[in-house]
Amino acid sequence: MSGDFEFYKNEADEISKCKADALTSIKQKRFDTIATHGTYNLAEAMRNNGSIIEPVYMSTAQVFRDSNELEAALSYQIPSWSYSRINNPSIYYLESTLALLEGYQCNLETSCCVTASGMSAIVTVVDALLADNIDANFISSSQVYGGSFQQFSVRQKQKSHNVRWVYPSAPIEEWEAQIDGNTRFIYIETPTNPSLALCDISALAALAHQYGIPLVVDSTLATPALLRPFAFGADIVIHSLSKTITASGVSIGGAIISKKDITANFLTREETADFATYLKLLPNRDNGACLSPLQAFLTLSELRTIRTRINHLSQTTEKVVGFLELHANVEKVYYPGSTQHEQHDLAKSLFKLVDAPNINRYGHLVSFTIKGGLNETKQILSSFNLIFRATDLGRIKSVATIPAISTHQQQGDKGRDLAGIPNNLIRLCAGAEHPQDIIDDLEQALNVV
């Protein structure tokens, strides 16, 4: 067989065309079909000995037929997986499916880079967007996950990058007032963890683009089954795959999905044209924040049912919220699906069950404050018999924690005040148990104080 570069390039063109055709075909299908099949079609199955399910390539590296093919692959002249820190077929199946789901019905091209964890996804994006300027700053919602708060306020500060906090529901003028010539992006969570606050994605995207910077959205709690931020103008979407997407709790991972041609006037054309692929092939190649093939397979297996699960879990949570709002020992309930939520109208415009535009669903995270202080709150959490006490969320089993002493403990009192996280707040992620059993466990625990 010829060892000529041209042979391998021609062969690669044929393979790329097959993948492009598969992508074009599956894009015509509906959300559940895309989640179920991704880009693994019949032709792809036949190339994998007829396996109906995507195979797991548990190998660190790929063999090459000769030195020419090796050189072409490692210089990115032909598509390959070469080394699993850079790419791997099992990773490809997950990345292509996530990109399709986030871009579903958004009329744009998307790409994805998966990482070892949600935090590694956040750091990968932030570091790349701040890399050009040691004095760069960025604007973030003051309500973010505790790990994100630490990364922004401590780790980025150590790199001479400054975060400027803005309350999620602040008027757009307050966001704009924080922008200057060194501002590199706006970062938000919607909904936020654990206070379930919302940001106006469309308004913030328009503001960011006015100044030539991207809007980054952590959409972990919503998942693409309820919200696709690209439809509202976002440039980059981040997920902790460890949460609702992999609800069983057996896998940790992160994902970065970008639309083609993000708005970032300070980056090169190579970086803005396909940001996620740029991260995958260059910064992440060197930083090593890769996901293992087995973790990718486990995540992909659960991703297939995301719409069905989020629909069911949301309905369970709505019943739990109804109970909590009426209990005498509950001070306040935080859930965007509640008519008592200050941003309920915005929530209705953002969160709709995919392929069911007239059905609003709001996810399975709810937070509530106790009438009393931290001691009473700890007493209630300690009294759960069915609900697990853990610093986790998005599980198929109900899980609860007190953020002030766990996920957001490192922020300190001042940081939690900034984020609106009181000491008497319990964060509950409702699982797939019967809603009445969850309510019964809540009731017996709430009645302890």
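Hey, can you tell me all the residues within the range 340-356 that are surrounded by 14 or more Cβ atoms within 10 Å (Cβ to Cβ) and in contact with a strand residue (DSSP E or B) (Cβ under 8 Å, 6 or more places away or on another chain)?
Correct list: 341 only.
Picking from 192, 220, which residue would you name as being in contact with a Lys or Arg (Cβ under 8 Å, 6 or more places away or on another chain) and among the β-branched types (Val, Ile, Thr)?
After ruling out the rest, the residue left standing is 220.
Within the range 1-116, considering only helices (runs of 4 or more DSSP H) that don't extend past its boundaries, which have at least 2 residues that are over 27 Å from the mean Cα position of the chain (by Cα) and more than 21 Å from residue 237 (Cβ to Cβ)?
Where helices (runs of 4 or more DSSP H) fall fully within the range 1-116 and carry at least 2 residues being over 27 Å from the mean Cα position of the chain (by Cα) and more than 21 Å from residue 237 (Cβ to Cβ), they are 5-27, 42-46, 67-74.
Please report, ordered by residue number, the helices (runs of 4 or more DSSP H) entirely within the range 357-449 with at least 1 residues that are touching a residue at least 40 places away in the same chain (Cβ under 8 Å), surrounded by fewer than 23 Cβ atoms within 10 Å (Cβ to Cβ) and under 25 Å from the mean Cα position of the chain (by Cα).
Ranges flagged: 412-419.
Report yes if residue 83 is of a type in the set (Ser, Thr, Tyr) and within 30 Å of residue 354 (Cα to Cα), otherwise no.
no
Do the conditions hold for residue 288, that is, is it under 25 Å from residue 85 (Cα atoms), in contact with a Lys or Arg (Cβ under 8 Å, 6 or more places away or on another chain) and small (Gly, Ala, Ser)?
Yes.
Quick one: would you say residue 302 is among the charged types (D, E, K, R), free of Cβ contacts under 8 Å to residues at least 60 places away in the same chain, outside any loop (DSSP other than H, G, I, E, B) and in contact with a Ser or Thr (Cβ under 7 Å, 6 or more places away or on another chain)?
Against the criterion (among the charged types (D, E, K, R), free of Cβ contacts under 8 Å to residues at least 60 places away in the same chain, outside any loop (DSSP other than H, G, I, E, B) and in contact with a Ser or Thr (Cβ under 7 Å, 6 or more places away or on another chain)), residue 302 qualifies.
Any idea which residue in the range 398-435 is nearest to residue 372 (Cα to Cα), counting only those that are touching a helix residue (DSSP H, G or I) at 6+ places or on another chain (Cβ under 7 Å) and among the charged types (D, E, K, R)?
Selected residue: 427.
Determine which single condition residue 126 fails, assuming it passes every other condition in (1) more than 14 Å from the chain's Cα centre (by Cα); (2) outside any helix (DSSP H, G or I); (3) not acidic (Asp, Glu).
That leaves (2) as the condition not met.
Out of the range 333-385, which residues are closer than 19 Å to residue 223 by Cβ and aliphatic (A, V, I, L, M)?
Within the range 333-385, 346, 347, 350, 353, 354, 356, 359, 365, 366 meet the criteria.
Read-outs: derived from the displayed coordinates by stated rules, not from any lab. These figures come from a predicted structure and were not determined experimentally. We place every Cβ from the backbone using ideal geometry, glycine too, and count neighbours over all the protein chains shown.
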